[in-house]
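These notes concern the structure reproduced below.
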Amino acid sequence: MNEPLLLTPGPLTTSKSVKEAMLRDWGSRDGDFIELTRGVCESLVRIAGADPASGAYACVPIQGSGTFAVEATIDTLVPRNGRLLILINGAYGRRVQEICAYINRDCEILECAEDAPTPVDQLAEVLAADASISHVAAFHCETTSGILNPLPKIAQVVTAAGRKLIVDAMSTFGALPINAEALGLSGVIASANKCLEGVPGMGFAVLKTDDLADAKGNATSLSLDLHAQWQNFQNTSQWRFTPPTHVLAALAQAITEHEGEGGIAGRGRRYADNFRILRDGMAAMGFEALLPNDLQAPTIVTYHAPADPNYDFGAFYDALHAKGFAIYPGKIAKTNSFRIGCIGHIDGDDIRRALAAIAEILDEQNIVSRGGVRSNSQFKP
């Protein structure tokens, strides 16, 4: 059976050469693996929008998923007597709130609707009213919905208030500019397996070196202490614990391919094309996107589920999977939805084939979309 194309927020479809990069076994203390780690970390600092040669920012990789990297970054950068303001407009903001409860960090939340961007004016008011807030956690793109939050404006407000900004860039890193150094970000967090098109198993944080140096003793976890991880790299060039060698090798190959595609601009252009084709095709079939185009990141799109009683996500998913495509259920609290990713090693032709498969399923399962479309005769991919 052929592998389905993963039209998901991640894990996602990878190139054959990225998969082949994992066929070699690496000794974690070998000089070539040490050099591989160094090269990957320098590239990640550069992709974050900082100059690795200046030393102002450092990349600290960590074993595990993106959430491991998020927890590690918050536990490392936010002092035990600090206070974190979390800008929530989706499930991943609420996850950070849960992390704070586990690691015993005081937090405040500024929450808005899942289909609304972070309210910058309210952010300024909260920071002005509460001097105890030391750090702010924001989301460049909330993976729950695919909404793109106004990162430059958020950074301007946080910097003007004299606070430190930590950014979850899971669903944009490598596809949209972050500009960490220009924005003065304290930390940018991402993982290997989304817009970089690597495989799951490693997260990382690109951190302001001064803030990282001041973070000794903050962490409550041995294995998630990014200061200790960074110090160990500085002193020995080694990971503290068994590294994800094959994942790192795959990421190194993925970064080479990212550079070959034209870096952020080239990767972002392909994803934007994928999104445009998906948007137009789904609209032609009567599907309603959760977000307007001006709020939508070109990486992950949330659609309202059909109101037709014949629609069942499980049956819809299974039928689409049988035709060679995998999607994700929605995470929006207020509406029944599903998500389609425009990221991974896919192009416009793959999106067109997925649209044709969806159109066939509408017919096969006798589903009327929210726009009243029943027959795929109205859609020609």
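FYI, it's all coordinate maths here, none of it is from the lab. This one's a predicted model, so the numbers in the text were calculated from it and none came from an experiment. Positions of Cβ are generated from backbone atoms using ideal geometry, with glycine treated the same way; all protein chains shown enter the neighbour counts.
Computed from phi, the 3J(HN,Hα) profile of the stretch 233-239 under the Karplus parametrisation 6.51, -1.76, 1.60 (θ = phi - 60°) reads 4, 4, 8, 10, 6, 10, 5 Hz, with x in place of Gly and Pro.
Residues whose amide H falls under 5 Å from that of Ile88, counting only those 5 or more places apart or on a different chain, are Leu110, Glu111, Cys112, with hydrogens built in the peptide plane. Counted by neighbouring Cβ atoms within 10 Å, the residues Phe33, Phe325 run from fewest to most as Phe33, Phe325.
Extending 7 Å from Cα along the Cβ direction at Gln156 and again at Asp294 yields two label points whose distance is 1.6 nm. Proximity of backbone amide H atoms, modeled 1.01 Å from N, is registered between Val136 and Leu85, Lys164, Leu165, Ile166 at under 5 Å, excluding neighbours fewer than 5 places apart on the same chain. Unpaired Cys in the chain, meaning no second Cys C-beta under 4.7 Å: Cys112, Cys141, Cys195, Cys342. Applied to the stretch 204-214, the Karplus parametrisation 6.51 cos²θ - 1.76 cosθ + 1.60 on θ = phi - 60° returns per-residue 3J(HN,Hα) values of 7, 10, 9, 10, 5, 4, 4, 5, 5, 5, 7 Hz, with x for Gly and Pro.
Only lysine pairs 8 or more places apart or on separate chains count here, and in the stretch 16-260 those with Cα atoms under 25 Å apart total 9.
Along the stretch 295-301 the Karplus relation, 6.51 cos²θ - 1.76 cosθ + 1.60 evaluated at θ = phi - 60°, assigns HN-Hα couplings of 9, 8, 6, x, 10, 9, 10 Hz to successive residues, with x for each Gly and Pro. Of all DSSP beta bridges located in the chain, what percent are antiparallel, nearest 5? Once the DSSP bridges in the chain are tallied, antiparallel ones form about 55 percent. Across all Cα pairs in the chain, the calculated P(r) in 10 Å bins from zero up to the longest distance comes to 5, 24, 31, 24, 12, 3, 0 percent per bin.
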